[in-house]
Each structure stands twice: as C-alpha cells, then as structure tokens.
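First comes the structure, then the notes that go with it.
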2 protein chains.
Amino acid sequence: MDNLFLEIPDDLPVELFTLLVDSDAVRIERIVSRGHATPPGDWYDQDRHEWVLLLRGAARLAFADGREVTLAAGDWLEIPARAKHRVSWTDPDRDTVWLAVHYA
Amino acid sequence: MDNLFLEIPDDLPVELFTLLVDSDAVRIERIVSRGHATPPGDWYDQDRHEWVLLLRGAARLAFADGREVTLAAGDWLEIPARAKHRVSWTDPDRDTVWLAVHYA
C-alpha cells in the first residue's frame with residue numbers, strides 16, 4: 001500500500017490499522033475508522049508520544065482530563081506519552097483516515 | 001499551526017518549511033511547494049531516513065539512480081538515508097503540501 005486512500009475494505013467491522021514504518025525510533029501507521037470509537041471506559045495509555053493527523057473524514061478525541069478535540073481534514077495534534085485518550089466519535093457516514101506517528 | 005492546509009502565504013517565492021515536531025528521534029515538517037523544484041544538479045543527501053507523504057497537489061521526485069516517481073494526493077514513499085534525491089517538479093497551478101518524517 002503506497003497510497004493512504006487505497007486498499008480500504010468494503011466491510012470494516014473494526015478499525016483498520018496498517019503499519020507503514022516500524023523502526024527503533026518511530027512507528028508510522030494508517031488508521032481507518034467508519035463510525036468506530038474506543039469502547040467506553042477504555043483509554044489509550046502509551047509509553048511513547050504520538051503525533052496524529054486527520055487526513056479525511058471527521059473525528060473527536062477525548063482526554064482523561066475532560067478535554068475533547070474535534071478534528072477535520074488537515075488537523076493534527078501531539079499526544080504526549082501517558083496522556084490517556086480515546087476516540088470518542090468518528091463520522092459514521094464516510095471513512096475517516098488517520099496518520100499516526102509514534103516516537104520516543 | 002494545527003491544520004496542515006492553513007497558514008499558507010499568498011506569496012511563496014521559495015518553498016515553505018514548517019517544523020511541527022523536533023525530538024531526538026524524529027523531525028516532522030510540513031512543506032508547501034508552488035511550482036518549485038530543487039535546483040538542477042542539487043541533491044538532498046540525508047543522514048536520516050525520510051518518510052514522505054503528498055497531502056495535496058502533485059509532484060515528482062528524482063533519484064540519483066535515474067528513478068523518477070510521480071506523486072498524487074495520498075501517495076507516500078520511504079527515502080532511505082543517503083539515497084540522493086531531488087524534487088524535479090511540482091504543480092505550478094496549485095499548492096503542493098507535503099508531510100516529511102525524518103528518523104534514524
């Protein structure tokens with residue numbers, strides 16, 4: 001896969017994670033969501049920092065401190081290591097394509 | 001700047017590089033081109049690997065081994081450290097927005 005908007009299956013029962021780069025320094029992945037959200041009460045709690053970019057679609061990220069961020073195409077943010085967060089909503093009517101860069 | 005498609009100046013005499021993340025492990029930057037290309041005979045010859053994604057517009061990358069790659073929105077590629085390359089063309093009629101991730 002060398003185009004982030006291709007190879008998206010018709011059926012997407014769960015979010016699709018595709019690893020693009022995996023080195024000691026960095027992990028880059030594409031994520032495709034279609035109305036998916038992190039199960040209520042679950043949080044991502046990561047050892048590494050994450051830089052996340054919304055490429056297409058729409059989504060909301062919620063943080064354990066109560067903050068919630070809405071993302072549109074082109075929006076990016078940095079999620080520091082240990083900042084607990086979850087995907088609280090993604091657009092159910094179209095694909096949401098993310099790029100995530102995890103780094104120490 | 002937290003949206004990659006904003007804060008693009010009307011005048012763009014040279015390519016615009018905007019640093020988004022700069023850690024020991026990784027450097028993430030946005031690049032905006034408007035018909036710019038690397039001067040003939042000049043090559044990027046980098047210590048670190050580069051993962052590059054074309055977000056908007058169109059471009060061509062040329063490699064010292066003679067290979068040339070045309071990129072459209074969503075296309076990405078990995079440029080290994082020391083792989084000499086240059087931007088041989090970008091669309092003169094619209095902005096080309098790149099994301100570059102440099103890592104060891």
Being more than 21 Å from A:Ile8 (Cα to Cα) and assigned to a strand (DSSP E or B) is the filter; apply it to the range A:61-74 and report the residue that is nearest to the chain's Cα centre (by Cα). A:Leu61
Here is a list of conditions, (1) within 26 Å of B:Glu50 (Cα to Cα); (2) assigned to a strand (DSSP E or B); (3) touching an Asp or Glu at 6+ places or on another chain (Cβ under 7 Å); (4) of a type in the set (A, V, I, L, M), and A:Val97 meets all of them except one; can you say which number that is? (3)
Consider only pairs whose beta carbons are under 8 Å apart and that are at least six residues apart or on different chains; among these, list those whose first residue lies in the range A:71-83 and is at the interface with chain B (Cβ under 9 Å from one of its Cβ atoms) and whose second residue is polar (S, T, N, Q) and surrounded by fewer than 17 Cβ atoms within 10 Å (Cβ to Cβ). A:Ala72/B:Asn3; A:Gly74/B:Asn3; A:Asp75/B:Asn3; A:Trp76/B:Asn3
Select from the range A:9-30 the residues that are farther than 14 Å from A:Tyr103 by Cβ and either more than 14 Å from chain B (Cβ to nearest Cβ) or modelled with pLDDT under 95 (or both) and list them in ascending order. A:Pro9, A:Asp10, A:Asp11, A:Leu12, A:Pro13, A:Val14, A:Glu15, A:Leu16, A:Phe17
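Report whether or not B:Arg94 is more than 9 Å from chain A (Cβ to nearest Cβ), at pLDDT 95 or above and on the phi < 0 side of the Ramachandran plot.
yes
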Output the number of the condition that B:Phe5 fails; it satisfies all remaining conditions of (1) under 23 Å from A:Tyr103 (Cβ atoms); (2) within 13 Å of chain A (Cβ to nearest Cβ); (3) at pLDDT 95 or above; (4) open to solvent by 20 Å² or more (accessible area, probe 1.4 Å). (1)
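So that you can scan it fast, the table gives a plain yes or no per residue for (1) surrounded by 13 or more Cβ atoms within 10 Å (Cβ to Cβ); (2) within 17 Å of A:Trp51 (Cα to Cα):
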position	(1), (2)
B:Glu15	yes, no
B:Thr18	yes, yes
B:Ser23	yes, yes
B:Ile28	yes, yes
B:Pro40	no, no
B:Gln46	yes, no
B:Asp65	no, no
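Regarding B:Glu50, is this residue open to solvent by less than 40 Å² (accessible area, probe 1.4 Å), more than 10 Å from chain A (Cβ to nearest Cβ), touching a strand residue (DSSP E or B) at 6+ places or on another chain (Cβ under 8 Å) and not hydroxyl-bearing (Ser, Thr, Tyr)? Steps first, answer last, please.
Numbers: open to solvent by less than 40 Å² (accessible area, probe 1.4 Å): yes; more than 10 Å from chain A (Cβ to nearest Cβ): yes; touching a strand residue (DSSP E or B) at 6+ places or on another chain (Cβ under 8 Å): yes; not hydroxyl-bearing (Ser, Thr, Tyr): yes.
Against the criterion (open to solvent by less than 40 Å² (accessible area, probe 1.4 Å), more than 10 Å from chain A (Cβ to nearest Cβ), touching a strand residue (DSSP E or B) at 6+ places or on another chain (Cβ under 8 Å) and not hydroxyl-bearing (Ser, Thr, Tyr)), B:Glu50 qualifies.
The values are calculated or read from the model by the stated rules, or taken from the named source; none is laboratory data. Note that the structure is a prediction, hence the values are computed from the model and not measured. With ideal geometry, Cβ positions are generated from the backbone for all residues, glycine too; neighbour counts draw on all protein chains shown. Heads up: the accessible areas ignore ligands, DNA and RNA and are worked out on the full protein's heavy atoms, side chains in. Shrake-Rupley method; radii C 1.70, N 1.55, O 1.52, S 1.80 Å.
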